[in-house]
Amino acid sequence: MATTKATAMAHPEFPLDPNLVYLNHAGVGTWPQRTRDAVHRFADECLHRGAADYPNWLEAEDRLRARLARLMGVAGAVSDIALVPNTSAGLSMVAHGVTWQPGDEVIINDQEFPSNRWVWQSLARHYGVHVRQVRLSDGATPEDALIDALTPRTRLLPISSVQYGTGLRMDLERLSNACRERGVLLCVDAIQTLGALQLAVDADFIVADGHKWMLGPEGIGGLYVHPRVRDELRIWQIGWHMAEDLGAFDRPDWDPAGTGRCLEPGSPNLLGSHALEASLAVLEDVGLAEVERRVLTNAREAMEGVRRHGFELVTPTEADRHAGIVTFRVPGADPERLLAALRARDVACASRCGGIRFSAHFYNTAEDLEEAWRRLQACLAAE
Ligand SMILES: Cc1ncc(COP(=O)(O)O)c(C=O)c1O
């Protein structure tokens, strides 16, 4: 049903099916050619040489930590990065690692992805933590809604840097200052930022998986734990790989590593590390500032399309209030039916907040967006 895109040259790293319009990087991103090649090479190496050159694999892992640290805006803190299986696992390590006192409070909000609400709600059962949910739209600004809710009992504020549904971008500096002033821990879920926009925040915890804007595979991400809080974090996943004295299997006792590795209990996901390292190399070669500029340009272009077609924009338009996500409602259209029709026409996107979510990356073009609008209009005409 889809028409072939009569468009500009494809980016050499993204030789996508020419029929496909891919606008789902806030869901699961595409892989660059370089990532596919890295996985291919790794598989060939395993096939022909097994793990004979294991030390080289660890070098790829070190490069990945360094790249993640730069994306997280903590370039000097490479050893504070733990490689984790996904964002939810990282959030769980934090939530169930803080040493809670009964009566401690956590403030969550109504726009968070379930992984960044449920894990905090689960604390009530185990430790008597009070979890209060606020509506971001209830304050003068979303940050005011959160800051007004902080009390002397508030221990931690979890926040997504960009909300997965509305695409709302939070003022992290303001939240960080408010938390620092009150001694509240700040935990940033950065999965909708890293790989799209640059991050600069003084947070206690930053976590993100690599499968969205970072253009890597599912199943590997990074968790940054600030050294000022690492010793307070209870480590509840234990194994050979997290020991300070790595490889000293005959020692009767053990200490957790004094680095992010203390949160990596067992064998690492080296296939994932090779893949994600290659993906981040592509982003860094383009330049993180240039990636951000193009992501924002595409988002503005998508918003302009929403306006032109008379649809209802869910995502805020102010330049500092959005990132790469653009969510909109089509009056009279059922979002799930519309999504299915878009899929049938080879437009990859998502349905969120009762509408459609487009999330274009840096390599998408204005022609991609134009083609998406053409196909969306064709879906509506066929209703
Ligand atoms: C803001 C946010 N946090 C967490 C997740 C879940 O991430 P993971 O699958 O890496 O646990 C998502 C997935 O869409 C998300 O958008």
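The values are calculated or read from the model by the stated rules, or taken from the named source; none is laboratory data. Since the structure is predicted, the reported quantities are computational estimates derived from the model, not experimental observations. Here Cβ is always computed from backbone atoms with ideal geometry, including for glycine, and neighbour counts include all displayed protein chains.
When residue 107 is tested against (1) away from the ligand (no atom under 16 Å from the Cβ); (2) buried (at least 18 other Cβ atoms within 10 Å of the Cβ); (3) in a helix (DSSP H, G or I), just one condition goes unmet, and that condition is (3). Only one of the numbered conditions (1) touching a strand residue (DSSP E or B) at 6+ places or on another chain (Cβ under 7 Å); (2) more than 25 Å from residue 361 (Cα to Cα) is not met by residue 62, and that is (1).
Checked against (1) farther than 25 Å from residue 27 by Cβ; (2) in contact with a helix residue (DSSP H, G or I) (Cβ under 8 Å, 6 or more places away or on another chain), residue 82 meets all criteria but (1). Scan segment 293-307 and give yes if some residue there is over 23 Å from the mean Cα position of the chain (by Cα) and either buried (at least 17 other Cβ atoms within 10 Å of the Cβ) or part of a loop (DSSP other than H, G, I, E, B) (or both), otherwise no. Within segment 293-307 (the criterion being over 23 Å from the mean Cα position of the chain (by Cα) and either buried (at least 17 other Cβ atoms within 10 Å of the Cβ) or part of a loop (DSSP other than H, G, I, E, B) (or both)), the answer is yes, since at least one residue qualifies.
Among the listed residues 383, 318, 284, 336, which satisfies the condition of being in contact (Cβ under 8 Å) with a residue 40 or more places away in the chain, surrounded by fewer than 18 Cβ atoms within 10 Å (Cβ to Cβ) and under 25 Å from the mean Cα position of the chain (by Cα)?
284
Considered as a group, the residues in segment 146-174 that are without any contact (Cβ under 8 Å) to a residue 40 or more places away in the chain and more than 16 Å from residue 111 (Cα to Cα) include one that is farthest from the ligand (Cβ to nearest atom), and that residue is 152. On inspection, residue 133 passes the criterion of being of a type outside the set (A, V, I, L, M), in contact (Cβ under 8 Å) with a residue 24 or more places away in the chain and assigned to a strand (DSSP E or B). Within segment 84-104, being within 16 Å of the ligand (Cβ to nearest atom) and more than 20 Å from residue 202 (Cα to Cα) holds for 84, 85, 86, 88, 89, 92, 96. Going by what's in this entry, would residue 151 be described as in contact with a Cys (Cβ under 9 Å, 6 or more places away or on another chain), in a loop (DSSP other than H, G, I, E, B), at pLDDT 95 or above and not acidic (Asp, Glu)? Taking the combined requirement at face value, the residue does not satisfy it.
The residue that is surrounded by the most Cβ atoms within 10 Å (Cβ to Cβ), among those in segment 233-276 that are more than 27 Å from the chain's Cα centre (by Cα), hydrophobic (A, V, I, L, M, F, W, C) and outside any helix (DSSP H, G or I), is 243. Report yes if some residue within segment 110-124 is modelled with pLDDT under 95 and surrounded by fewer than 19 Cβ atoms within 10 Å (Cβ to Cβ); otherwise report no. Scanning segment 110-124 turns up at least one residue that is modelled with pLDDT under 95 and surrounded by fewer than 19 Cβ atoms within 10 Å (Cβ to Cβ).
Any residue at all in segment 73-94 that is crowded, with 19+ Cβ neighbours inside 10 Å, among the acidic types (Asp, Glu), out of contact with any His (no Cβ under 6 Å at 6 or more places or on another chain) and not in a helix (DSSP H, G or I)? For segment 73-94, residues crowded, with 19+ Cβ neighbours inside 10 Å, among the acidic types (Asp, Glu), out of contact with any His (no Cβ under 6 Å at 6 or more places or on another chain) and not in a helix (DSSP H, G or I): absent.
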